[in-house]
Amino acid sequence: MPTGYCTLEDVRRALQKSQLPGDLSQDKQIAVDAITSQSRWLERTYKRHWYAATGDPILDEATEIDIPTEPRTRDDEHDISTHGAMVHGASERDRHRFRKNSDALLEAGPRYDRCRRDRREPKQEIRIAIGEPEALESPVDEDVPAYTRIRLDRKDVESINELHVINADGGYDDWVAESDYDGGAGLSHRGEDYWGRVNNDGISELYLNVHAMDDDIASLSKAVYVDWDYGTEGISRTVRRAVALFAGAEFTEELSAQVPENAKLYNAETKADEMRDRARKLLEPDQEVP
């Protein structure tokens with residue numbers, strides 16, 4: 001059964017409030033397809049997933065739509081963040097002046113120094129989000145974590161199922177499966193080897209303790225693979241109305257294309273635009289959509 005964040009009854013109400021035909025019995029499949037496509041569009045655009053809690057009335061009302069009842073899962077690939085700025089003078093070529101009768105033949109020239117710079121350890125290039133910026137440059141107490149941060153591609157992280165971090169051999173260690181590492185999603189795991197944070201707008205970030213990584217990690221590119229669950233329990237009335245309005249607009253345009261007389265009678269294009277505008281206003285940040 002198709003999946004969506006609202007019911008046919010929600011779409012019927014949205015159409016009636018827009019003074020459009022609200023009887024979906026003759027064109028039920030068009031309405032179902034509209035709910036499905038607009039629900040998927042909403043999840044991708046706003047990077048958020050909602051699911052109904054046990055006993056939620058929407059589950060009884062939905063007959064043609066499968067309402068989500070669980071978080072969704074993603075399996076993503078990430079690079080580890082590096083420094084975004086150059087230290088003044090660091091990008092300049094080293095200047096060496098050779099004087100007559102000097103020991104120049106025994107001195108290390110610019111090519112040698114440049115090679116040494118090029119062999120800088122990848123771990124030393126990691127950007128630190130929480131902790132001492134000098135954590136990788138000088139001896140520090142490794143019991144004090146220094147975190148680098150990865151922005152996850154969906155909001156509302158609920159759990160971290162697998163966390164594969166690159167090691168010195170170019171392979172990957174699963175920090176979730178191995179007993180040497182501790183962590184999880186939520187503030188209760190702050191201070192551990194890894195933890196997932198959700199801010200007030202639902203934006204999810206994964207923090208990795210660089211001291212828990214191998215000293216000679218093979219690469220910072222494609223260094224982390226994470227399997228994780230995300231979602232918000234409870235499909236609010238705001239979300240249901242927004243999806244119903246988007247779906248109602250699509251339904252109206254599709255029906256008008258099949259029956260041109262409807263477009264002339266109800267000014268379908270204008271009505272559809274008005275419904276989309278109302279839906280976007282419902283989803284504005286100050287509406288605090290849960």
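The values are calculated or read from the model by the stated rules, or taken from the named source; none is laboratory data. Because the structure is predicted, anything quoted here is derived from the model rather than measured. Here Cβ is always computed from backbone atoms with ideal geometry, including for glycine, and neighbour counts include all displayed protein chains. Remember, those area values only see protein heavy atoms, side chains included, never the ligands or the DNA or RNA. Shrake-Rupley method; radii C 1.70, N 1.55, O 1.52, S 1.80 Å.
What number of residues in the range 213-236 are within 22 Å of residue 157 (Cα to Cα) and outside any strand (DSSP E or B)? Show your work before the answer.
Step one: of the range 213-236, the residues within 22 Å of residue 157 (Cα to Cα) are 222-236.
With the extra rule that they be outside any strand (DSSP E or B), the set shrinks to 222-223, 231, 234-236.
Here the count works out to 6.
Residues in the range 31-55 that are not in a helix (DSSP H, G or I) and not charged (D, E, K, R): 49, 50, 51, 52, 53, 54, 55. The set of residues from the range 25-46 being more than 20 Å from residue 255 (Cα to Cα) and of a type in the set (D, E, K, R) comprises 40, 43, 44.
Scanning the range 188-212 for residues that are of a type outside the set (Asp, Glu), part of a loop (DSSP other than H, G, I, E, B) and either surrounded by 17 or more Cβ atoms within 10 Å (Cβ to Cβ) or not assigned by the TED database to the domain that holds residue 154 (or both) yields one hit, 202.
Inside the range 162-176, can you point out the residues that are in a loop (DSSP other than H, G, I, E, B) and either among the acidic types (Asp, Glu) or surrounded by 12 or more Cβ atoms within 10 Å (Cβ to Cβ) (or both)? Passing the criteria: 167, 168, 169, 175, 176.
Contact map, the range 67-92: residues that are more than 30 Å from residue 32 (Cα to Cα) and loosely packed, with under 13 Cβ neighbours inside 10 Å paired with residues that are at pLDDT 85 or above and charged (D, E, K, R), Cβ distance under 8 Å, separation 6+ or inter-chain. Pairs shown: 77/222; 79/222; 83/125; 83/127; 84/127. Residues that are within 22 Å of the chain's Cα centre (by Cα), at pLDDT 90 or above and not small (Gly, Ala, Ser) occur at least once in the range 241-253. Screening residue 5 against (1) in contact (Cβ under 8 Å) with a residue 40 or more places away in the chain; (2) in a helix (DSSP H, G or I) leaves a single unmet condition, (2). Only one entry of 242, 257, 223 meets the criterion of being out of contact with any Leu (no Cβ under 9 Å at 6 or more places or on another chain) and touching a residue at least 24 places away in the same chain (Cβ under 8 Å), and that entry is 223. One residue stands out among those in the range 7-64 that are charged (D, E, K, R) and over 19 Å from residue 234 (Cα atoms): the one that is most open to solvent (accessible area, probe 1.4 Å), which is 17.
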